[in-house]
Structures are given as structure tokens and as C-alpha cells.
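Structure first, then comments.
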Amino acid sequence: MEQDADPQTAGMRVEARIFLGIASFLVLATVVYFVTSSENAGSTMLFLAGGMALMIGGYLTVQARQRTDAAEPQGEGGGGSDDPAAEEAYLPHASVWPFALGMGLVVLANGLALGLWAVVPGALLTAASGFGYARQSRRRD
Amino acid sequence: MAGGVAADPEVSAGPGAGRPSMLAVGTVVWLASELMFFSGLFAGWFALRASSLHWPPDDVELEPLRTGIATVVLLASSFTMHAGTRAAEHGDRRRAVRWVLITVAMGGIFLVNQALEYAAFEFSLSSHAYGSIFYLMTGFHGLHVLGGLGLMLAVLAVGTGRTRAPLDEGLTVTEYYWHFVDVVWVGMFATIYLLG
């Protein structure tokens, strides 16, 4: 297919097909399993696993279609091999917040067994870390 | 940016013309894994139900109508969240903030109702197997709602005021998360309150 020749869209189409294939298999497995066992728990899990694959496959399919419909040639020659994603995607700088968030959640979760004296500081630390983590990303530098 | 690329927010929000936003793809993959998390709880419900003689136990009195109204509120909040995202995509930050705050309020109403329902119940997590799975399912869902409210506020905190951070991409993936939480609740409500 013409779209498959384009390295940018080809990857998503393959990924979409992989997940749609998985989804098809799981839906089929659900039907076979339910009919032969009439067991609800396993049928539920197989069905939702199919849903999982369908979420990803469906989303990638929609994305691939949108890019095919609005297909524009890459402006600069050789733009396909350079990954513009690396330049444009923003990732936060290293900071204390991921660690603090983790510690807050550890104290909070253990507090469920230890008592309120651990839950409250854990919750405060978690909230403060989330706040700090979000603030960190405001400057985009 | 390459001269030939269309001025399409979905394209410019992510990298290059050929691929969607990596943040959006990553969020969808993560939500698919969260579906697996909830599927374990749903399976637990059905497994316990199948091995119980009396389900639900006698001290369990649910109010499907009341919880149904809360469900409608949560469903409506998906629409308000979408309105917020659309406003952000059109560059209208103030309207976006307004709609997202409305969404936060509606999510808060859902949680307050859940807390009040919990307080009125005569059974607890440790009363019986039904109690355990009931509170685990609805409790984890409630935590997801709470986390979603926190996410909305965090995205607003990052993307408003004097900042160079874009608001639309953050709200788009927050919207994905919120719709997911909504759909999971519809399934949970149907399973626990309607099917029983």
C-alpha cells in the first residue's frame, strides 16, 4: 500500500494491526471460553483483555487514518530519518519531585496499616510533591 | 517546522507530520493497562459471587437510584471535560479553565455522594467477601476519580497564567483518562448495582 511506503505512517499501521489482531484473537477466545465453560470470571477477564487491545489498536488506527487523509509531503528532504519528535517533545528536568512523590505514596500506603499518624504526613507529602512536580513544568526550559 | 506541514493542532501538538503525540499514545497504552487492573477486580466479583450461597448478604442495602443519579453526574462531567479540551484547542484558555473547573466540581459531587453512601452502609470491608470486593472495586474507582481531579488541577496549574506550557495537549490526555474512568464506572455500576 502506498501509505506503507512512507516510513512515518507505516509504523503506526503495523502497530495498529498488531493490536487489532490481538483483540480479534481475544474476542474469539472469550466466545469459545464462555460457551464451553459458562464461567463468568474468566470470560470477563478475556473480554476486557480484548478491550485493552482494542483500545490501543483502535486509537492507532484512527491516528493512522487521520495522517493518511491529511498527508503532506515532508518539507525538507531526509526529514523522515531525522526524528522531529526528539526536538519537540518536552520532558521535565531531573528534580526531587519524583522521589518525593514516591516517598509520599509509600508513607501514605503504609499508613493504611500503621495509622492516621502516617496517613496524614504521607498525604501532605504526596500533595506537595504533585504540586511541585506540576510547577516545575511551567517554564518549559 | 517543514514548510509543507498542515496547521493542524493534532499534528503540531506532537512531533512531525507522520506520528501522533507520544504523550497521547503513551496515555492510551497506560489506560489499556489500567483496564487490566480493573478486570482483575471484576473477575474477583464474579468468582466470589459464583461461590457464595447468599449474594448479596442480608446486611447489604444498595440504592441504585441514588447511585444512578451520581452516575449521570459523572457522565455529564465527561461532556464538560470535552468542552474544556475543545476550548483549549481553540486557544481560549479562560473558557477551558472554566469548563475544567466545572468538571472538577462534578467529580467532587460524585465522590461526596460515594463517601456519604459508604457512611450509611451497615457492612464494611471486613464484614464478608461481598464487603471486601465491593469496597475494593468502588474504592479503587473512587481513588481513580480523585486522582483525575488532581490531574485536572495539575494540568491547569501548569498551563495557565504566565507560562509557555501548552494547555491543549495536557487537557487532551486528561480527557482520555476521564472518559476511561467514566466508562469503567458505568460497567461497575451495571455489575454491582443492576446485576447484583
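The values are calculated or read from the model by the stated rules, or taken from the named source; none is laboratory data. What you are looking at is a predicted structure, and each value in this text was computed from that prediction instead of being measured. Glycine also receives a Cβ, built like all others from the backbone with ideal geometry; neighbour counts cover every protein chain displayed. These accessible areas exclude ligands, DNA and RNA; they are computed on the full protein's heavy atoms, side chains included. Shrake-Rupley method; radii C 1.70, N 1.55, O 1.52, S 1.80 Å.
Couplings for region B:47-62, taken from phi via the Karplus curve 6.51 cos²θ - 1.76 cosθ + 1.60 with θ = phi - 60°, read 5, 5, 4, 5, 9, 10, 6, 10, 9, x, x, 5, 7, 9, 10, 8 Hz in order; Gly and Pro are left as x. Applying 1/(1 + (r/R0)^6) with R0 = 22 Å to the Cβ-Cβ distance of A:ALA29 and A:ARG65 gives a FRET efficiency near 0.20.
Remark: region B:172-181, residue by residue, has Karplus-estimated 3J(HN,Hα) of 4, 6, 5, 5, 4, 4, 5, 4, 4, 4 Hz, where x stands for each Gly or Pro and the curve is 6.51 cos²θ - 1.76 cosθ + 1.60 at θ = phi - 60°. Shape class for region B:151-196: prolate, because the ratio a/c of the largest to smallest gyration tensor axis (alpha-carbon atoms, square roots of eigenvalues) is 1.5 or more and a/b beats b/c. The accessible-area loss of region B:143-158 on complex formation, taken against its chain alone with a 1.4 Å probe, reaches 20 Å² or more at B:ALA157, B:VAL158. In this rough spin-label picture, where each label sits 7 Å from Cα along the Cβ direction, the B:VAL186-B:ARG66 distance is 2.5 nm. For region B:15-71, the per residue solvent-accessible surface stands at 47 Å², with DNA, RNA and ligands left out and a 1.4 Å probe. Other protein chain C-beta atoms within 10 Å of residue C-beta, averaged over A:29-40: 1.
Within region B:101-196, the GluC sites (Glu not before Pro) that combine a DSSP coil assignment with at most 14 other C-beta atoms in a 10 angstrom radius are B:GLU122.
Among the residues of region B:24-45, those with an accessible-area drop of 40 Å² or more from chain alone to full protein complex, heavy atoms and 1.4 Å probe, are B:VAL28, B:ALA32, B:LEU35, B:MET36, B:SER39, B:ALA43. The modelled label-to-label distance between A:ARG139 and B:GLU117, using points 7 Å beyond Cα along the C-beta direction, is 4.6 nm. Which angle from 0 to 90°, rounded to the nearest 10, does the C-alpha axis of helix B:64-89 make with the longest principal axis of chain B? Roughly 10 degrees between the two axes.
When ranked by the protection proxy of mean other Cβ atoms within 10 Å per residue, highest first, what sequence do the peptides B:137-144, A:42-49, B:89-96 form? Could you put the intermediate results ahead of the total?
Working: B:137-144: 17.0, A:42-49: 20.4, B:89-96: 15.0.
Peptide ranking by packing, descending: A:42-49, B:137-144, B:89-96.
Per the accessible-area calculation with a 1.4 Å probe, the total area buried between chain A and chain B rounds to 3000 Å². Centroid-to-centroid, using Cα positions, region B:32-75 and region A:106-141 are 29 Å apart. Here region B:52-100 exposes an accessible surface that is 60 percent carbon and sulfur, computed with a 1.4 Å probe and the other protein chains kept in place. A simple rule links phi to the HN-Hα coupling: the Karplus curve 6.51 cos²θ - 1.76 cosθ + 1.60 with θ = phi - 60°, which for region B:111-123 gives 5, 4, 4, 5, 4, 5, 5, 4, 5, 7, 5, 9, 10 Hz, with x for Gly and Pro. How much accessible area per residue does region A:97-138 have, in Å², with a 1.4 Å probe? Normalised by residue count, the accessible surface of region A:97-138 is 62 Å².
At R0 = 45 Å, how high is the FRET efficiency between B:LEU75 and A:ALA113 if r is their beta carbon distance? Nearest 0.05 is fine.
Numbers: r = 35 Å, r/R0 = 0.79.
E(calc), rounded to 0.05, equals 0.80.
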